[in-house]
Every structure is written in C-alpha cells, then in structure tokens.
Amino acid sequence: MKTVFFAPHAAIWIHAFPEALIAEALAQNGHDVVYLTCGRVFERQCVPMTSMGLGFDRSPAEKAAACELCRQNANVLRENLGLRGRDIAELLTPEDHALAERELAGLTRENFLQAMHAGVEYGRAALSTFLLVHKKAELVFSDAEWPILLTEIRNSLLSLLAACRVFDAEQPDRLVLYSPGYSVNLVWAKLAEKRGVAQYYIQGSNNLSDRLQKLIFTRGLYWQGENIAQWQRFKHVPCSPSAARYVTDHFLELIKGRAAFVYSLARSDTAPDLRGRFGLRPGQKLVVATMSSYDELLAGEVTGQIPPLERGAFRTQIEWIERLIEFFRKRDDLFLLVRVHPREFPNRRERVKSAHAAELEKRFTDLPPNVRVNWPSDGVSLYDLAEEMDLCLNAWSNAGKEMSFFGIPTLLYSTRTIFYAPDINYAADTAAEYLSLIDVALRDGWRLENSTKAFRWFALDDLYSRIDLSDSYSYKEHARRSLPVRLVRRLERMVNSTATQARDTRARAPQLRMGPMVAKAIASGSRSLLELMSPADLPATTQAEEAQSVRIELRRVAQALYGHDFSRPGGQLKRNLLSVVSSESARASHG
C-alpha cells in the first residue's frame with residue numbers, strides 16, 4: 001500500500017518529528033511511504049514563519065532563515081528515519097509558477113472563492129489559515145488584509161499543483177497530513193477526496209500533560225465528529241483509575257495556565273471577591289454564559305472541514321445573549337455574567353482583535369443591574385469564576401466540558417455546534433425549552449455525576465482514541481531542566497544547530513509500539529483507532545471502582561486549587577469538592 005505524507009512544516013520540530021515517527025512506523029509495517037517536504041515554495045509566508053513571529057511584513061532574509069531551518073530538519077528526518085521522498089520544489093516547473101501568477105492576477109475579493117484547479121477550490125481553501133490568524137467572523141477583507149490573503153492563495157495553488165503531480169506519478173492509496181486544516185495541506189486533502197484516496201488526519205493531542213506524546217488520528221477532516229459518533233458505543237464504560245489520573249493531569253495543567261493553548265488566565269492563589277467585584281447581592285445565584293469565537297467555526301465551515309452546523313435555539317451568539325438578558329431582567333434571584341471568549345481579543349497566541357469583539361463592545365450596553373460582562377481585560381480566570389458558579393451556559397467553547405469536569409451543571413443551546421459529546425451537558429433545541437432548562441439545571445445543582453460523565457468523555461477523546469508516541473518521544477513542553485543540562489544543550493546547539501533533532505532521532509524506539517495498530521487502521525480504511533476496538537477492549541473497571549477513582553482524582557484537583565491541606569481560600573466549588581474528598585478520606589481510613 002502506497003502512503004504519501006505531505007510534510008511542509010519541518011521547521012516546527014515538535015510537530016514534524018511525531019509526524020515522521022508515524023511515517024517510519026508505516027514503512028516498518030509494510031507501507032510504501034513517500035515523504036514530501038516544501039523546499040522554499042512557500043518562502044513569502046508560511047505556518048512556521050508565523051509560529052516564529054515572522055509576520056507578512058518581515059524581511060526576506062528573516063524568512064529565509066526559517067526556510068533554512070525547515071530544510072535542515074527535513075534532512076535530519078530523511079537521513080535518520082530512512083524516509084524516501086523529496087521537496088515539492090523539485091516537482092514544480094516554471095510553467096506551474098507562471099500559471100500561479102496568471103491565476104492570481106485575475107483574482108479579486110469578489111471572485112476568489114470560485115478559484116479552482118483540478119476540481120479543488122484553492123481560493124476557498126486558502127481561507128483556512130487566514131481566517132484563524134486574522135480572527136475573521138465574516139468574509140470581508142481590508143486593503144491591508146487582501147495582499148496577505150493573496151499570498152495564502154498563491155501558496156495553496158502551488159501546493160495543489162504539486163499535489164496533482166504527486167498523485168499522477170505515485171498513484172497513492174492513502175494520504176497522511178499533520179493538521180490538514182493548514183491551507184497548503186487542505187488542498188491535498190481535497191484533492192485526495194476528489195481522487196477517492198483516503199486521507200488521514202494526525203495532530204498533537206489535547207491533554208496538556210503530554211500533548212506531544214499523543215496524536216489525534218482519524219480519517220477525514222472532522223476528527224471531533226468521529227469521536228462524538230463513537231461516544232455512543234463507549235459512554236457506559238466506567239473510567240479506569242489510570243485513565244482518570246490521566247484526565248486529571250490535563251486539568252492540573254489547565255489550572256496553572258502555562259500552555260499557549262490555554263486562553264484563560266491561571267487561577268489566582270488567593271480567592272478574589274468576585275461577587276463583590278461584579279455586584280452580586282447575597283443569595284443571588286451566579287450564572288456564567290461562556291461565549292465562543294466565530295473564526296474557528298467559520299474557517300471550518302467555509303472550507304468544508306466540518307459540515308454546516310445547525311445553530312440550535314439561537315441563530316447567533318448576540319441573539320442568544322440578548323434573549324438571556326431579557327430573561328434575567330425579570331429574575332432578580334439570579335445574576336448573569338457574560339464571559340467574552342479571550343480569543344476574541346489580543347492574547348499570548350494572537351495579537352489581533354476580532355470584528356465580533358468590536359460588535360460585542362457596541363451591543364453590550366444598558367444592562368440591567370443583575371447582568372454584567374466579563375471582558376478579557378478584567379483579568380479574571382475562568383477557574384476563579386468556577387468557585388462561585390452555579391450554572392454554566394455554554395456556546396461551543398471547551399469551557400462547557402471543563403465546567404462539567406468540576407461538577408458544575410452546564411447548558412447548551414445547540415447539540416451540533418460543539419466539539420464534544422453534548423450529552424455530558426444539558427441541551428435544548430428550542431429557545432423556550434432552553435430557557436426552561438435554566439431552572440432545571442439550577443435545581444439539580446452541583447453533582448458528582450457531572451464529573452463522572454466528563455471523566456469518561458475525556459478518557460475516550462484524549463486517551464483511548466489517540467496514538468501513543470511516548471516510547472519514542474519524551475519531550476515535555478513545561479519540564480524544568482537543571483542549569484547544567486540547559487548549558488550542555490546550548491553548547492551542543494552552538495556546535496551543531498540540529499543537535500536536539502539528532503538526539504531525538506537517536507532516542508526513539510526501534511519500532512513504535514503502536515505502529516502495527518496504526519498501519520492496520522490506515523490499510524483497512526478505518527475511520528479511527530476506536531473503530532478497531534470494542535468496549536471490552538478498554539480497561540476493565542467496575543462502577544464502584546470508577547466512583548472511588550473519580551473521588552481520588554478530585555482530591556488531587558482540590559489539592560492543586562487549595563493546597564495540600566486545603567487551607568487556601570475558596571468558594572462553593574471548594575465546599576462541593578471537599579464534600580466528596582472527605583467521603584473518600586473517610587472510606588480510605590476505614591480500609
């Protein structure tokens with residue numbers, strides 16, 4: 001079976017090396033692997049440049065340094081892992097480049113969506129990366145943005161022209177891409193779809209405790225949808241002690257707020273008086289509406305990475321919030337805090353303010369006394385709000401599943417726009433039903449059952465469905481290395497710029513432990529690793545053992561939040577967590 005890898009982002013080593021480990025594993029298990037890299041085709045702007053902080057306006061010399069790093073890393077991977085292939089720069093002809101320039105000359109902001117070659121809408125695909133970088137909620141582009149988008153379109157077309165040559169020459173059976181949502185990768189995925197070639201999606205995982213030691217793996221582009229579909233087969237399987245511990249490790253990192261992928265601030269060490277700060281009166285229950293950013297949803301839908309998602313009970317988030325404001329205006333016993341997603345504003349990953357954020361600033365005025373807006377500039381962590389939160393009303397952000405983990409009831413207004421199993425939350429299909437469920441969820445209140453459901457979902461989504469690379473890659477993003485080790489590593493890099501890369505390749509296992517299973521999944525056309533598994537294949541655990549494990553893990557969470565002796569201040573979340581921690585401690589003391 002011939003399997004093509006298109007790997008144009010070798011400069012990002014922490015992604016390129018895991019990708020190459022999969023290529024090597026497939027070759028060891030009978031696949032004829034073709035490994036293709038860039039070769040400066042995207043020298044005007046590319047994903048590694050953006051990740052290095054090199055924007056569109058940076059000098060060619062600075063960008064050339066990024067290209068050189070990409071070349072060096074690609075050579076290390078080919079030489080040390082024995083990967084056959086070459087740069088797509090060698091495949092593209094002068095005629096290809098001339099064609100790209102002619103096509104670009106005829107594109108405007110009005111017609112670029114129709115730009116097509118070989119049946120692939122490369123102009124539309126180019127939006128995938130652009131919309132995320134620029135936080136666009138609509139397809140309107142300024143004079144400053146248009147040249148940047150044109151460069152992305154050029155990259156996508158050149159990438160597509162190379163893909164056509166590869167598909168014609170190699171006639172692959174399978175295609176593997178790391179983060180196929182990147183524009184230059186997406187056109188390969190779309191061409192594979194046109195040619196009837198199964199395309200596989202791999203990417204660093206979500207659990208922040210070992211994000212780089214696990215890989216998302218699925219056939220197609222909508223990996224969240226595949227796991228949601230599989231949830232129905234596995235949701236009744238109790239979470240094992242080891243899986244529960246793994247899930248908790250992720251939340252301990254979330255609470256610290258160190259990772260670039262965490263948008264909320266770290267939880268404060270003291271307990272801020274949030275009720276006083278936002279003006280809650282004694283006895284009022286706090287309901288937090290967690291909003292989401294539109295750019296990721298728009299990018300997925302407009303480029304065909306996810307199916308058009310039904311918006312549910314409300315067409316837009318602004319309509320949702322406006323209906324909530326009217327509902328809470330008549331409910332003096334409740335207090336609504338509208339939390340605007342931090343991604344909408346400049347943050348440590350992106351320096352752009354979204355157009356949707358500007359609209360929110362204009363619309364959220366003249367609020368009743370029991371409604372306030374929590375802007376990112378307030379500097380309030382979501383995990384501080386969790387201390388006093390009685391109910392979370394979630395759009396489609398990860399906050400919904402995170403609050404469920406803490407036992408807090410969560411209500412959704414759509415079961416289709418979220419990227420996790422909706423039945424770990426409350427959900428409604430109509431506005432009337434949604435508003436009625438607010439009181440139902442508040443009456444049910446904090447429940448250990450909410451945490452248990454979340455543990456099961458996180459175990460399935462972040463552990464059982466993932467490729468484990470830990471036997472071949474041990475790099476931890478937040479590990480604290482001693483000063484002597486740091487000095488030695490620095491000296492190594494001064495002598496050899498690819499010393500880190502060479503060391504990683506030497507330290508890998510002779511054969512990836514999960515290599516045979518991954519090779520079987522790809523060869524058989526399976527949609528995910530879960531498709532090769534049954535509930536009986538998961539670790540055998542009783543519900544009683546699960547209940548004990550969940551309590552043990554919530555104890556770890558409580559210690560992270562309130563100190564080993566639980567002496568740090570907290571609110572009602574602390575009281576709820578300590579109620580199950582105390583019962584677990586009592587059970588342990590009685591053997």
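If you go through segment 110-123 and keep only what is touching a residue at least 40 places away in the same chain (Cβ under 8 Å) and of a type outside the set (A, V, I, L, M, F, W, C), you end up with His117, Gly119, Glu121, Tyr122.
Say whether the condition of being touching a Cys at 6+ places or on another chain (Cβ under 8 Å), of a type outside the set (Asp, Glu), open to solvent by 10 Å² or more (accessible area, probe 1.4 Å) and under 19 Å from Arg556 (Cβ atoms) is met by at least one residue in segment 452-460.
Yes, because at least one residue in segment 452-460 is touching a Cys at 6+ places or on another chain (Cβ under 8 Å), of a type outside the set (Asp, Glu), open to solvent by 10 Å² or more (accessible area, probe 1.4 Å) and under 19 Å from Arg556 (Cβ atoms).
For the condition among the basic types (Lys, Arg), on the phi < 0 side of the Ramachandran plot and in a loop (DSSP other than H, G, I, E, B), Arg281 qualifies.
When segment 18-62 is filtered for residues that are of a type in the set (D, E, K, R) and either in contact with a Gly (Cβ under 9 Å, 6 or more places away or on another chain) or over 27 Å from Phe217 (Cβ atoms) (or both), the ones remaining, listed by number, are Glu24, Arg40, Glu43, Arg44, Asp57, Arg58, Glu62.
Considering only residues in segment 108-152 that are assigned to a loop (DSSP other than H, G, I, E, B) and within 18 Å of Phe42 (Cβ to Cβ), the one that is nearest to the chain's Cα centre (by Cα) turns out to be Ala126. Summed over segment 30-57, residues that are assigned to a helix (DSSP H, G or I) and open to solvent by less than 30 Å² (accessible area, probe 1.4 Å) total 3.
Yes or no, residue by residue, for (1) under 29 Å from Ser436 (Cα atoms); (2) modelled with pLDDT of 95 or more:
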residue: Ser242; (1), (2): no, yes
residue: Asp249; (1), (2): no, yes
residue: Gly257; (1), (2): no, no
residue: Thr270; (1), (2): no, no
residue: Arg275; (1), (2): yes, no
residue: Phe278; (1), (2): yes, no
residue: Gly304; (1), (2): no, no
residue: Phe314; (1), (2): yes, no
residue: Ile318; (1), (2): yes, no
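Pairing each residue of segment 366-382 that is on the phi > 0 side of the Ramachandran plot and open to solvent by 40 Å² or more (accessible area, probe 1.4 Å) with any residue that is in a loop (DSSP other than H, G, I, E, B) and modelled with pLDDT under 90, provided the two are 6+ apart or on different chains, yields C-beta distances under 8 Å for Gly379/Leu265. Which is open to solvent by 20 Å² or more (accessible area, probe 1.4 Å) and touching a Ser or Thr at 6+ places or on another chain (Cβ under 6 Å), of Glu145, Glu121, Glu138, Glu152? Selected residue: Glu152, the only one of Glu145, Glu121, Glu138, Glu152 that is open to solvent by 20 Å² or more (accessible area, probe 1.4 Å) and touching a Ser or Thr at 6+ places or on another chain (Cβ under 6 Å). Candidates in segment 30-60 are the residues that are touching a residue at least 12 places away in the same chain (Cβ under 8 Å) and among the small types (Gly, Ala, Ser); of these, the one that is farthest from Glu90 (Cα to Cα) is Gly30.
Check Gln72 against each of (1) assigned to a helix (DSSP H, G or I); (2) open to solvent by less than 20 Å² (accessible area, probe 1.4 Å) and name the one condition it does not meet. Of the numbered conditions (1) assigned to a helix (DSSP H, G or I); (2) open to solvent by less than 20 Å² (accessible area, probe 1.4 Å), the odd one out for Gln72 is (2).
Of Ala27, Ala65, Ala16, all but one fail to be without any contact (Cβ under 8 Å) to a residue 40 or more places away in the chain and surrounded by fewer than 24 Cβ atoms within 10 Å (Cβ to Cβ); the exception is Ala65. Scanning segment 392-451 for residues that are open to solvent by less than 10 Å² (accessible area, probe 1.4 Å) and in a strand (DSSP E or B) yields Cys392, Leu393, Asn394, Thr410, Leu411, Leu412. Taking the condition at pLDDT 95 or above and touching a Leu at 6+ places or on another chain (Cβ under 7 Å), does Ala137 pass? No: the conditions fail for Ala137.
The values are calculated or read from the model by the stated rules, or taken from the named source; none is laboratory data. All values derive from a computational prediction rather than experimental measurement. In this analysis, Cβ positions are derived from the backbone assuming ideal geometry, glycine residues included, and neighbour counts consider all displayed protein chains. Heads up: the accessible areas ignore ligands, DNA and RNA and are worked out on the full protein's heavy atoms, side chains in. Shrake-Rupley method; radii C 1.70, N 1.55, O 1.52, S 1.80 Å.
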